[in-house]
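Reading through the structure tokens given below for one structure.
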Amino acid sequence: MISIPCTVRLVVASMLLAAWPLPAASQAGAGKAPARGGPDTLRPAQNATPPTDLRRRQAFVDARLQLEREFEATSRMRDGDPARYATAARSYLDRAIRLADAYPGLPEAGFYRRDLVKVAEGLAPSVRFALHDPGRAARLYRQAIELSRDLPGQEGLALTARVGLADTLRFDFRDTDAALAQYREMQARMAAAKRSHGETEAILDRAAAAYLRAEIAYLAQGRRHSGTPEGEVLAIVAVLLQQGAESLSRDDPALRAMRMTLSSRDPDDAERESLARQIESLSPSQTRLPAVFDYLPVLRTPERIAAFMRRHDPSGFLSSAAFGAWHRLQQEPSAGAPPAQRSAGLQMLAWSARDREVMLGAERALLGQRIDADFTPDPRLSSPESTWKAFLAALSAGRLGDVWKCATPGMRNKFEPSFSAMSATQLRTMANSVVEFRRSLELEGIVEASVVMSNGRASTVQFVKYGKEWRISEM
């Protein structure tokens, strides 16, 4: 997969597969004033920060603010003078790293490293595409990976930087072995990491894992992807397709110029041919696919479109996901809106009948079939009660694949390791021990139910509205 814009993390949970309201945080104990009086009232806090630490912290904060003010003044050059911007950003990054290194053990310095990872990750594609310097881009990606090394949780995986590095090695340096090593290291690190129980992160994790499997299979064995990607992949790629033209063109002058033309109006025939030549001249990278998918009809023939997609996505995984996401988005209510209510410019949800026909031809030429995922809601998941019934039936039969159809991705991440370690008899015993199920709380898009087991123990199961289905989100 390509580098995921930060906005994806904010909206993907409400796109397609993850359109549910999240429960409010527990309010227990919130808003209470601290107790007054008593023998401890006048005692100094045992964890009070010593004055020397406060002075050290303030010195770091002052130095950081000075660096950031200087960098902010130069960041305005990003679009107009990318070479000067890259030099200024490189200088800022070097000085900022030295500053963080000068304050070992200071929490604020550790937090600062998170920001520096983003600077390096953001500078790398600008250097690669605007300045055509893949060597420096690769060094920046490696620097982001090194800065992430001690960060907690998923941040320590540095997936964005590793994917960017692998893409650069693969397409700019044509070093298949080095790219394959990066993909395999990412796969191993993800397998060893603790799974996230957050819904958005769980969706991203599953999509990234599917992507890595496909790319490794292609580079190691020459096996192109076939079939329809998982729903989590389609959800994320749908967001990328809708935002890619804007978010992925910022650091790429060729794409930015193309977007300025195509975001305002549908080009005429002469402009289409000129834009087609520009698209076909783009250097290969998987980032190109979501960035220009809206514009591919200007290539006019299925064969030219298929050739472009093979060049930028040799494994076919992202191509399959892009077509599947397009078909899914066509089913959204906004897809049928009158032309006057749609955004101007060439975009997939406003393609003409001719554009759609040539893209469907390209899909067949490239993949040999139409990518049609089954987007029909599962009738077994039409209510919390029916979902619970389907969950127990699958559990009793030992069909873990069907068990996870009843759960959100975060719930699956939480319980899959323990459920997978249980025998069929243990799973059946657990399912058969439920003797009572009763709703206890109902909010918009959320239902909680009380479950009583045969041993008398009671627990709570939470369901959320997941698109048009009800899924178990906690138990």
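A few remarks follow.
- Subset of the range 71-128 [surrounded by 20 or more Cβ atoms within 10 Å (Cβ to Cβ) and either in contact with a strand residue (DSSP E or B) (Cβ under 7 Å, 6 or more places away or on another chain) or of a type in the set (Asp, Glu) (or both)]: GLU121
- The range 399-429, residues that are among the charged types (D, E, K, R), out of contact with any His (no Cβ under 9 Å at 6 or more places or on another chain) and surrounded by 15 or more Cβ atoms within 10 Å (Cβ to Cβ): ASP402, LYS405, ARG412, GLU416, ARG428
- Top-ranked residue of the range 89-117 - restricted to ones that are free of Cβ contacts under 8 Å to residues at least 24 places away in the same chain and under 23 Å from the mean Cα position of the chain (by Cα), ranked as farthest from PHE60 (Cα to Cα): ASP115
- Hits in the range 148-166 - residues which are surrounded by 14 or more Cβ atoms within 10 Å (Cβ to Cβ) and of a type in the set (Lys, Arg): ARG162
- Residue match in the range 450-458 (condition: hydrophobic (A, V, I, L, M, F, W, C) and within 25 Å of the chain's Cα centre (by Cα)): no
- Screening the range 255-269 for residues that are among the aliphatic types (A, V, I, L, M) and buried (at least 17 other Cβ atoms within 10 Å of the Cβ) and picking the one that is nearest to ASP355 (Cα to Cα) gives LEU262.
- The range 297-321, subset modelled with pLDDT of 95 or more and assigned to a loop (DSSP other than H, G, I, E, B), residue surrounded by the fewest Cβ atoms within 10 Å (Cβ to Cβ): THR301
- Test: ARG213 is at pLDDT 95 or above and under 16 Å from PRO314 (Cβ atoms): yes
- Total residues in the range 201-230 satisfying the condition of being surrounded by fewer than 21 Cβ atoms within 10 Å (Cβ to Cβ) and of a type outside the set (Asp, Glu): the figure is 16.
- Residue within the range 452-464 that is out of contact with any helix residue (DSSP H, G or I) (no Cβ under 8 Å at 6 or more places or on another chain), buried (at least 17 other Cβ atoms within 10 Å of the Cβ) and under 24 Å from ASN413 (Cα atoms) present: yes
- Selection within the range 272-295 - more than 24 Å from GLY122 (Cα to Cα) and touching a Ser or Thr at 6+ places or on another chain (Cβ under 8 Å): LEU275
The values are calculated or read from the model by the stated rules, or taken from the named source; none is laboratory data. Given the structure is predicted, the values throughout are model-derived calculations rather than measurements. FYI the Cβ positions are ideal-geometry reconstructions off the backbone, even for glycines, and counts take in every protein chain you see.
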